[in-house]
Amino acid sequence: MRLHVKYFALGLGVFLLIAGVSYGQFYKYQPKVLRRVAEVRGIQSDEEKEEFTYPQNAKNVSFNQSYKSRQTTFQIEKPPKDVQNFYKSIFMEKGWTIESEGATNDFFVTKYKKGLSTAMVMSSYQGLDHITIASVEIKTE
């Protein structure tokens, strides 16, 4: 029986020694810094991006942007048709042309075009409290 205790004590000692050395090496480890990046630059583009204009009292719900498109969604307490008219006057003033229009009940969609860019304005009532959810997406080809 004493032989088993000696082997156990010896094994435990070796294990604790290895664990201690491993911990010491881990504690002293410092990763090498390959190169410090002083400045991060994004993609530069010469093309002019259209800025989003919101109707008064609009509450932004979301905004998504990728390399070729930007989309914003907001809610407002105005009829969907008023939102469409608001954006129609803005886009027409900036030289956009209407590519297509559509409406069903309280859901309106208008698609605009200017050069290689397209814009889509969607608006509809959400629920019984007459809150309009609107989405404006501008894509550049």
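All of the numbers you see were taken from the coordinates with simple rules; none came from a lab. Quick caveat, the model's predicted, so the values are computed rather than measured. Glycine also receives a Cβ, built like all others from the backbone with ideal geometry; neighbour counts cover every protein chain displayed.
Tell me the angle of helix 2-28 to the major Cα principal axis of the chain, expressed in degrees between 0 and 90 and rounded to the nearest ten. With both axes taken from Cα atoms, the answer is about 40 degrees.
Each of Val21, Ile76, Phe108 was placed along the dipole of the chain (beta-carbon charges, centred on the mean Cα), and the one lying farthest toward the positive end is Val21. Relative to the Cα centre, the charge distribution of the chain, modelled as +1 at Lys and Arg Cβ and -1 at Asp and Glu Cβ, gives a dipole magnitude of about 1320 debye. When the chain is described by a simple charge dipole with +1 on each Lys and Arg Cβ and -1 on each Asp and Glu Cβ, the residue from Tyr125, Ile138, Gly11 located farthest towards its positive end is Gly11. Each of Ser123, Ser69, Ser117 was scored by other Cβ atoms within 10 Å of its Cβ. Listed from fewest to most, they are Ser69, Ser117, Ser123. Indicate the gyration tensor shape class of region 59-140 (rounded, prolate or oblate), computed on the Cα atoms with a ≥ b ≥ c the square roots of the eigenvalues: a/c under 1.5 is rounded; otherwise a/b larger than b/c is prolate and the rest oblate. Judged from the Cα gyration tensor, region 59-140 comes out oblate (a/c at least 1.5, b/c at or above a/b).
Each 5 Å bin, from zero up to the one with the longest distance, holds this percent of the alpha carbon pairs of the chain: 2, 8, 13, 13, 11, 7, 4, 3, 3, 3, 4, 4, 5, 5, 4, 4, 3, 2, 1, 0. A straight Cα-to-Cα reach below 28 Å connects Lys94 with the lysines Lys49, Lys59, Lys68, Lys78, Lys81, Lys111, Lys113, Lys114, Lys139, residues fewer than 8 places away in its own chain not being considered.
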